[in-house]
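Computed from the coordinates by the stated procedures, all read-outs in this text should not be read as laboratory data. Quantities reported herein were computed from a predicted structural model and do not represent experimental measurements. Using ideal geometry, Cβ is built from the backbone for each residue, glycine included, and neighbour counts are taken over all protein chains shown.
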Amino acid sequence: MSKSVIKISVIGAGFVGSTIAYTLMMKGIASEIVLVDVNPEKAAGEAMDIEHGSPFAAESVVHAGTYEDTHNSNLVIITAGTNQKPGETRVDLIARNTAIMRDIAGQVASQSPDAIVLVVSNPVDSMAYVFREITGFPKNRVIGSGTNLDSARFRYLLSQKLGIDSHNVHAQIWGEHGDSEFPVWSLVRISGMNINEASDQFGGVMADSDYDAIGDAVRNAAYEIINRKGATYYGIGMSVARICEAILRNEKSILPVSVLLHGEYGINDVYLSLPTVLGKHGVEKILTPAISDDELSKLHHSAAVIKEARAQL
C-alpha cells in the first residue's frame, strides 16, 4: 500500500489507544490517524496533543472523530474496554467487554468492511474471537495483538541474562495472552545456538531455576508494572506499531500474534498466539514448527482455558 492512502483508526483513546496513535505517527506508518472514544473531548485532547508534535515527526494527520470519520480505514485498532477489577473473574471481564465489543464491531464493519482489524482490548484472544463472530470478517483480517509484547519481554530478559543485544535473541511466548502463556524454550536461538549451547558459550549463566524464573517474570510483567504505575502502555504501543508496520508495508514478517486456529497442532476454533507471517492481507500464513511434547501440552492447556471461559458466558 502507498503511504498516501494509509488510514488507521484507533477505537479507544485511553492510555493504550493514545500511546498507539502517538507511536504510529512517530514511525510514519499512516498518512491519517483517527481517534474515536466514548468521551469525544478526551479523544480531541489526545489528538491535539499528538498533532502539535507533528513538526518533529513524519508527516501525518491525527484527529479525533466519530465512527463516520473512520470510513474506509485500511486498518482499525480496537483498544476500548474495561480493565479487570479486584475480585473479578476472567468470565466477568469477558462478559463486560463482550458487550462493549458488540457495539464497536457493528460500527467498524459498517464503516470499513474491507479493513484489517487488530484487536488489543483484553482479554485479547476472546475479544478477537467475539469481533469475528459478530462481523463474519475473514479470519485473515481479524488479528489479536497476542503475545507479541510478551515475546519482546522474553527476548529482553534473555538478553540481560546473557549480556547481549536483544536483537540477536530469537525467542517467543505462545498461547493465551494471559496466565497460561508459556515460553517456547525449544525454539530459542541465539546466533544459531539453542539456549543450552548459548548458556555454555557465556559461562553457563542459565541455571535450572532461571528457566522458570524468566517465564514467571514475563508472565507477571504487566501485573508488576500496573502495581508500580497503574497501567501499561508504552510497550504495547510499540508492539502494536510493529504489527501495523508489518501488515501495511507488506513485510511478510513473522510475529507471535493471536490468530484463529483451524487444526494447527490439533486445535480448532480458538484465538491463540503462534508465529504468523503478516503482510498486506493480514495473516498470510500460520507456522507450526516442531516443539516438545511438554510445550504442545501447554499449548492445548492454553486453548482449553480460553474455551472454558468462553463457554461460561
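Observations
- Calculated from backbone phi, Karplus (6.51, -1.76, 1.60) coupling profile of region 278-290 in Hz, x at Gly/Pro: 10, x, 5, 9, x, 6, 8, 6, 9, 8, 9, x, 5
- Amide H contacts under 5 Å for Trp174, placed H, 5+ residues apart: Phe182, Val184
- Spatially proximal aspartates and glutamates relative to Lys285 (Cα-Cα < 20 Å; intrachain offsets below 8 disregarded): Asp114, Asp125, Glu176, Glu245, Glu251, Glu264, Asp269
- Residues Thr19, Thr232 arranged by fewest to most Cβ contacts within 10 Å: Thr232, Thr19
- Listed residues Ala231, Ile267, Leu299: farthest to the positive end of the dipole of region 148-311 (Cβ charges): Ala231
- Rg(Cα)/(2.2 N^0.38 Å) for region 161-253, N = residue count: 1.25
- Taking θ as phi - 60° and the Karplus parameters 6.51, -1.76 and 1.60, the scalar couplings of region 296-301 work out to 5, 4, 5, 5, 5, 5 Hz in sequence order, x denoting glycine and proline.
- Dipole axis of the chain (+1 Lys, Arg; -1 Asp, Glu on Cβ), positive-most option in Val61, Ala290, Val36: Val61
- In order along region 247-262, the phi-based Karplus estimate (6.51 cos²θ - 1.76 cosθ + 1.60, θ = phi - 60°) of 3J(HN,Hα) comes to 6, 6, 9, 6, 6, 6, 6, 9, 10, x, 10, 7, 9, 7, 8, 9 Hz; Gly and Pro are listed as x.
- For the chain, averaging the sequence separation of C-alpha pairs within contact (under 8 Å, six or more residues apart) and dividing by the residue count gives a relative contact order of 18 percent.
- Whole-number D in µm²/s for region 77-210 (Stokes-Einstein; Kirkwood sum over Cα pairs; 37 °C, 0.692 mPa s): 193 µm²/s
- Nearest-20 debye value, the chain charge dipole, Cβ charges on Lys, Arg, Asp, Glu: 460 debye
- On the beta carbon distance between Glu308 and Glu264, with R0 = 22 Å, the FRET formula returns roughly 0.65.
- Above-threshold pairs, the threshold being 27 Å between Cα atoms, out of Lys229/Lys252; Lys7/Lys42; Lys85/Lys229: Lys229/Lys252
- Length added when fully stretched, Tyr211-Ser186, from 0.36 nm per residue minus Cα-Cα: 7.8 nm
- Ellipticity at 222 nm from helices only: DSSP H runs of n ≥ 4 in the chain, each -39500 (n - 2.57), divided by the residue count, give -14500 deg cm²/dmol.
- An ellipsoid equivalent to region 148-311, defined through the eigenvalues of its Cα gyration tensor, has semi-axes of 24, 19, 18 Å when rounded to whole angstrom and sorted largest first.
- Footprinting exposure proxy for Tyr22, Tyr271 (fewest neighbouring C-beta atoms within 10 Å first): Tyr22, Tyr271
- Remark: Leu272, Leu260 ranked as Leu260, Leu272, counting other beta-carbon atoms within 10 Å and listing the fewest first.
- Restricting the calculation to Cα atoms, the chain yields a radius of gyration followed by a Dmax of 19.2, 59 Å.
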